[in-house]
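Take a look at the structure below.
The values are calculated or read from the model by the stated rules, or taken from the named source; none is laboratory data. Owing to the predicted nature of the structure, the values given are computational and were not obtained by experimental measurement. Reconstructed Cβ throughout: ideal geometry from the backbone, glycine too, with neighbour counts over all protein chains shown.
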Amino acid sequence: MMTRPFLLLLACLLLAHASEGESQAPPLFQPDARYKADLLIVIAHPDDDMVIGGYLARISLDDRKRIAVVYCTNGDGGGNVVGNEAGAALGQMRILEARRALSAWGIENVWFLNWHDTPGQNVLWSLDRWNHGLALDEIVRLVRITRPEVIMTFLPDHVAGENHDDHQAAGVLATEAFDAAGDPTQFPEQVSPPRNGGMANLTEGLLPWQPQKLYYFTDAFEDFGPYWHNAAELSPFRKSMMDGRGPTYETTTISPSRRVSYARLTVDQQIFYLTQEGSLGEQALKSQNFKDFAYPVRLIFGKSVVGGSPTGDVFERVLKSPAPFVRVRGYEPEHPDGLSFEMGDPWRFYSLFWKAHNLDHLAELIPVPEVAAKFGDKLNIALLACNQTQSLAEIALTPALPTGWTDQTTFTQYPVRPGECYPIQAQITLPASGKPEWQQLTWTAAAGSRQVGTVKLRVYAGDSGGLPQ
């Protein structure tokens, strides 16, 4: 039989042990594994995923990669080829089209940020309408939730093609998020821990995350696919910006899991988007002719913090462990002297943006600015004259246009005060008809007898000019 002193001693030891246990904090939760992605795709509208549809089918169905998708808009500004629904109603329908299309490949982690579809060509319009800072906050949050090794998005550049400003804006924001998500001073409220894990916390408890690789795709005419594949639209002034700039994935390859080509699987995906060009998929399926979907998926390498070759596989050199944060150069002001003349926004924005984000090589893709326009269109071209002297400068502008093109610019002389830049809007009208071809336009700026500079613009004039300006 245990004596009373022994029982008292045993009780004290048990109390001490219990007290010791209560002083030990529980381990922290790990980030929610349900949302972890190998690849995060940031795009503008439901059906934009079709641009890389063959690649998505490959890596989801056969490579078993975890994919998350962010749509910046619900497509409420688009057209509807199968019904009368438009605006907000159409946007809700397009959300379901996208969810169904992606779920067919097993992609379930899909976010819609519901900013407005802004059909046009100037990326700065979309960024303004979306509230640039708020939009970046949203995408950085989703990068930190999904923790992707790779981000894939639209090329942030002004191209001759569909050239949707929302596509460009998605690329700008994804690039900024790639560089910001690993920095705890960017949107710090997201990484501040919640108080006691209770309800109604105003900070978010996320962890900084540095993605490892960034890739782009494009809606330029030269990236052939089911929507356009006309060799006559290729620029005669330069080589293709797709050649040797990133990995290529053939869509004629047979999927081991589905036993049909990735082109055929892309057709299946296209059919989900009936409000858009779903009929292209239906026609291909009916005829069993998949050649318009058999073009390869070609990507443009953005950058990598883990090395690897630009044309190597997307997941080449990707680390299994988190990558350390890598700071980019950021904006560095230039200090030019004298008078200067150049393209204005959005081209000027991109020239600064690429440098700030360590993407200088993107300037090589289209070394001379390009646009596409329809016959009869009016082109609005932004130019910029700057004066870094101590005296007022009178800048005179002289255009050199192809035969039949009309200059409707309001002014030819521009007073530019010291230390200022004068934004000039040139207006050029294309002839009503003609042979579809590339043309070159030139503007020369002069101050008195002194030439200040020359700007060139290459224009594909045809029956399709992408979205209206």
Subset tally (residues that are closer than 25 Å to LEU457 by Cα and in contact with a strand residue (DSSP E or B) (Cβ under 6 Å, 6 or more places away or on another chain)) for the range 171-202: 1
Tabulated pairs, the range 122-138, first at negative phi and among the hydroxyl-bearing types (Ser, Thr, Tyr), second in a loop (DSSP other than H, G, I, E, B) and crowded, with 17+ Cβ neighbours inside 10 Å, C-beta under 6 angstrom, 6+ apart or interchain: SER126/THR118
Those residues of the range 97-121 which are free of Cβ contacts under 8 Å to residues at least 40 places away in the same chain and among the hydroxyl-bearing types (Ser, Thr, Tyr), in sequence order: SER103
Among (1) loosely packed, with under 15 Cβ neighbours inside 10 Å; (2) more than 21 Å from LEU40 (Cα to Cα), the one test that PHE349 misses: (1)
Unique match (being out of contact with any Pro (no Cβ under 6 Å at 6 or more places or on another chain), surrounded by fewer than 17 Cβ atoms within 10 Å (Cβ to Cβ) and closer than 30 Å to VAL326 by Cα) among PRO423, PRO402, PRO415, PRO367: PRO367
Any hit, the range 50-63, residues being among the small types (Gly, Ala, Ser), exposed (fewer than 10 other Cβ atoms within 10 Å of the Cβ) and either over 24 Å from GLN210 (Cα atoms) or modelled with pLDDT of 95 or more (or both): no
Any chance PRO194 is in contact with a Leu (Cβ under 9 Å, 6 or more places away or on another chain) and free of Cβ contacts under 8 Å to residues at least 12 places away in the same chain: yes
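Okay, residues lined up against (1) without any contact (Cβ under 8 Å) to a residue 12 or more places away in the chain; (2) crowded, with 24+ Cβ neighbours inside 10 Å:
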residue: ASP166; (1), (2): no, yes
residue: ALA170; (1), (2): no, yes
residue: THR175; (1), (2): no, yes
residue: ASN201; (1), (2): yes, no
residue: TYR216; (1), (2): no, no
residue: PHE221; (1), (2): no, yes
The range 1-43, subset of a type in the set (Gly, Ala, Ser) and modelled with pLDDT of 90 or more, residue farthest from ASP117 (Cα to Cα): SER23
Residue match in the range 406-425 (condition: in contact with an Asp or Glu (Cβ under 9 Å, 6 or more places away or on another chain), of a type in the set (A, V, I, L, M) and over 23 Å from GLY462 (Cα atoms)): yes
The range 305-330 - residue that is among the hydroxyl-bearing types (Ser, Thr, Tyr) and modelled with pLDDT of 95 or more and, of those, nearest to ASP157 (Cα to Cα): THR311
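Each row is one residue, and each column tells you yes or no for (1) assigned to a strand (DSSP E or B); (2) surrounded by 15 or more Cβ atoms within 10 Å (Cβ to Cβ); (3) at pLDDT 95 or above; (4) over 26 Å from the mean Cα position of the chain (by Cα).
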{"residue": "MET241", "(1), (2), (3), (4)": "no, yes, no, no"}
{"residue": "SER257", "(1), (2), (3), (4)": "no, no, yes, yes"}
{"residue": "ALA263", "(1), (2), (3), (4)": "no, yes, yes, no"}
{"residue": "GLY281", "(1), (2), (3), (4)": "no, yes, no, no"}
{"residue": "LYS303", "(1), (2), (3), (4)": "yes, yes, yes, no"}
Tabulated pairs, the range 85-96, first at negative phi, second part of a helix (DSSP H, G or I) and at pLDDT 95 or above, C-beta under 9 angstrom, 6+ apart or interchain: GLU85/GLN92; GLU85/MET93
Of all residues in the range 107-134 being closer than 30 Å to ARG64 by Cα and either modelled with pLDDT of 95 or more or not assigned by TED's automatic domain parsing to the domain that holds THR266 (or both), the one that is surrounded by the most Cβ atoms within 10 Å (Cβ to Cβ): ILE107
Pair list, Cβ < 6 Å and 6+ apart or interchain, from the range 36-54 residues that are in contact (Cβ under 8 Å) with a residue 12 or more places away in the chain to residues that are of a type in the set (A, V, I, L, M, F, W, C) and not in a strand (DSSP E or B): VAL42/ALA170; VAL42/ALA174; ILE43/ALA170; ALA44/ALA170; PRO46/ALA98
The range 64-83 - residue that is closer than 13 Å to LEU274 by Cα and out of contact with any helix residue (DSSP H, G or I) (no Cβ under 6 Å at 6 or more places or on another chain) and, of those, surrounded by the most Cβ atoms within 10 Å (Cβ to Cβ): GLY78
Qualifying positions in the range 203-218 - charged (D, E, K, R) and either modelled with pLDDT under 90 or touching a strand residue (DSSP E or B) at 6+ places or on another chain (Cβ under 6 Å) (or both): LYS213
Pair list, Cβ under 7 Å, 6 or more apart: the range 378-390 residue at pLDDT 95 or above, other residue among the hydroxyl-bearing types (Ser, Thr, Tyr): ALA385/TYR414; ALA385/TYR422; CYS386/SER340
Any hit, the range 146-153, residues being surrounded by fewer than 20 Cβ atoms within 10 Å (Cβ to Cβ), more than 13 Å from the chain's Cα centre (by Cα) and either of a type in the set (Lys, Arg) or over 22 Å from VAL51 (Cα atoms) (or both): no
Test: PHE341 is of a type outside the set (D, E, K, R) and over 30 Å from CYS421 (Cβ atoms): no
Of the criteria (1) outside any loop (DSSP other than H, G, I, E, B); (2) touching a helix residue (DSSP H, G or I) at 6+ places or on another chain (Cβ under 6 Å); (3) closer than 30 Å to GLN121 by Cα, which one GLN190 fails: (3)
